[in-house]
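Colleague: One structure is given below, represented as structure tokens, and several questions about it will come after.
The values are calculated or read from the model by the stated rules, or taken from the named source; none is laboratory data. On a predicted model such as this, the values are computed, not experimentally measured, just so you know. With ideal geometry, Cβ positions are generated from the backbone for all residues, glycine too; neighbour counts draw on all protein chains shown.
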Amino acid sequence: MPTYLYYTQGIHDFQEEAATYSEERLEIRLKRKKHRCPKCKSKDVTLRALYERDVRGLPMGRIREVHFIYTLHQVYCHCCHQRSIEHVPFISHPKARLSNEFERTILELREQISIRALANYFHLRWHTVKEIEKRYLQHKFATIDTSKVKAVGVDEIHIGHGQANRAFLTIVRDLESGAVIHVGNGKGVSALEGALSKLSACKLQLVAMDMANAYSTWFAEHFPQAQIVFDHFHVIKLMNDKLDHVRRRVMGRLDSIQQKQLKGLRFIFLKNNEDIPENAKNILRNLRGNFQELGDTYMFKEALRSIYRVVQNAYQANIAFHRWCKLAEETLVPELKTMAKTIRDRLEGITSYWTFGHASNASTVGFNNKIRWLIRQAYGFRDLEYFKLKIYQLPEINCEKSL
Ligand SMILES: [Zn+2]
């Protein structure tokens, strides 16, 4: 018959032998009801005590520290003549320090509460709570079903200030569902190691990516039928990088006071025209006069954005990008010239954006904001493996508060 241990702690097959309470800590000694052979279930067994285990259970009333103490036995079976260690049904693995019921409660609360707050409340170590979640995520994302995936996006994200390659992660996502398929260390083709086996089940038709990286060769080799698309988000991102480059170059020619002014304006330059406050627009107008190259580059960035607002199909896009490139090549700004070359070289991939129904724009921006949020939570830098698992989980996390 189930006891209070079963209803409150999910413990069965054991009964209470003794309970002691001291210093806000309840210790319940457990005894197994019946010993059986784990293999053939025979009751004809001889026991050998191995050692005592201490497993934390759920708090009871106001007592936060509830410990279950029991002796683990080795069983010799007279029926099947095998020696084995008894299975303990209320823990998830032989070395678990917390009961299943307690772990499950922590995982449920973890959706709403930070690791630190949980650890403080339950008198656990930060590391213990993190490891419980990590194990859960490892299990959850051990296999990812990609059989229905048709379109993926590849992105590099900057996660820290470490060594050049270690400061990046490469993420492959399903553009339709938003699910994360692969998180690779570093950037470049080596970061796709392990991605091929995950993607082999899918019928890939489209890959959206950055124009500046080497992934297109890798995808062309392994998925020759897939169309490479350089989408809105990535074209504008590269243009913003060019604009930033011009700003830095112009800055190099200024004295320190002028440099400070311009540095403070960095984010104005990267903003879209309609998002800039009115007073900042005046500063921008003056700057444009003072710094011809910077002004020109800014106008070209806006012109590029307007192509995406106005153009209706791949044919019109083709004409618009050619015109943009021609005008950019006529300027004296080297960054605009190289941007024009990149656009001409990748024009098919850029205009495919219209052929394939505006690939991925909004979801990439939204996901990158979630990544920034995850980095701000800062737990990534202590355990990269855990941080990567949290990226897999990101599509289902509500990022409005600190967790
Ligand atoms: Zn047996």
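Colleague: Quick one: which residue in Arg97, Arg104 is touching a Lys or Arg at 6+ places or on another chain (Cβ under 9 Å), within 30 Å of His127 (Cβ to Cβ) and among the charged types (D, E, K, R)? Write out each step before concluding.
Modeller: Numbers: Arg104 fails: touching a Lys or Arg at 6+ places or on another chain (Cβ under 9 Å).
The unique qualifying residue is Arg97.
Colleague: Sticking with this structure for a sec: Return only the number of the condition from (1) loosely packed, with under 15 Cβ neighbours inside 10 Å; (2) at pLDDT 90 or above; (3) farther than 28 Å from Arg125 by Cβ that Arg25 does not satisfy.
Modeller: Exception for Arg25: condition (3).
Colleague: Follow-up question, since we're still on this one. If you take the residues of the stretch 55-68 that are of a type in the set (A, V, I, L, M, F, W, C) and surrounded by fewer than 16 Cβ atoms within 10 Å (Cβ to Cβ), which of them is nearest to the ligand (Cβ to nearest atom)?
Modeller: In the first step, residues of the stretch 55-68 are kept if they are of a type in the set (A, V, I, L, M, F, W, C); the result is 55, 58, 60, 63, 66, 68.
Subsequent filtering for residues that are surrounded by fewer than 16 Cβ atoms within 10 Å (Cβ to Cβ) retains 60, 63.
Values: Met60: 36, Ile63: 39 Å.
Only one residue tops the list, namely Met60.
Colleague: Looking at Glu16, Glu52, Glu24, Glu103, can you tell me which residue is under 23 Å from Lys134 (Cα atoms), assigned by TED's automatic domain parsing to the domain that holds Arg135 and away from the ligand (no atom under 16 Å from the Cβ)? Give the steps one after another, and end with the answer.
Modeller: On the way: Glu16 fails: under 23 Å from Lys134 (Cα atoms); Glu52 fails: under 23 Å from Lys134 (Cα atoms); Glu24 fails: under 23 Å from Lys134 (Cα atoms).
The match here is Glu103.
Colleague: Further question on the same structure: From Asp145, Asp155, which residue is outside any helix (DSSP H, G or I) and buried (at least 20 other Cβ atoms within 10 Å of the Cβ)? Full working, then the answer.
Modeller: Values: Asp145 fails: buried (at least 20 other Cβ atoms within 10 Å of the Cβ).
None of the others qualify; the one that does is Asp155.
Colleague: Now, a different point. Out of all the residues in the stretch 39-50, is one or more without any contact (Cβ under 8 Å) to a residue 12 or more places away in the chain and of a type in the set (Gly, Ala, Ser)?
Modeller: Applying the first criterion (without any contact (Cβ under 8 Å) to a residue 12 or more places away in the chain) to the stretch 39-50 yields 41, 43.
From the residues that got through so far, the ones that are of a type in the set (Gly, Ala, Ser) too are none.
There is no residue in the stretch 39-50 that is without any contact (Cβ under 8 Å) to a residue 12 or more places away in the chain and of a type in the set (Gly, Ala, Ser).
Colleague: Out of everything in the stretch 33-49 that is within 16 Å of the ligand (Cβ to nearest atom) and of a type in the set (D, E, K, R), what residue ends up being surrounded by the most Cβ atoms within 10 Å (Cβ to Cβ)?
Modeller: Within the stretch 33-49, the first condition is being within 16 Å of the ligand (Cβ to nearest atom), and the residues that meet it are 34-48.
Filter again for of a type in the set (D, E, K, R), leaving 34, 36, 39, 41, 43-44, 48.
Working: Lys34: 7, Arg36: 17, Lys39: 13, Lys41: 10, Lys43: 11, Asp44: 12, Arg48: 10.
Selected residue: Arg36.
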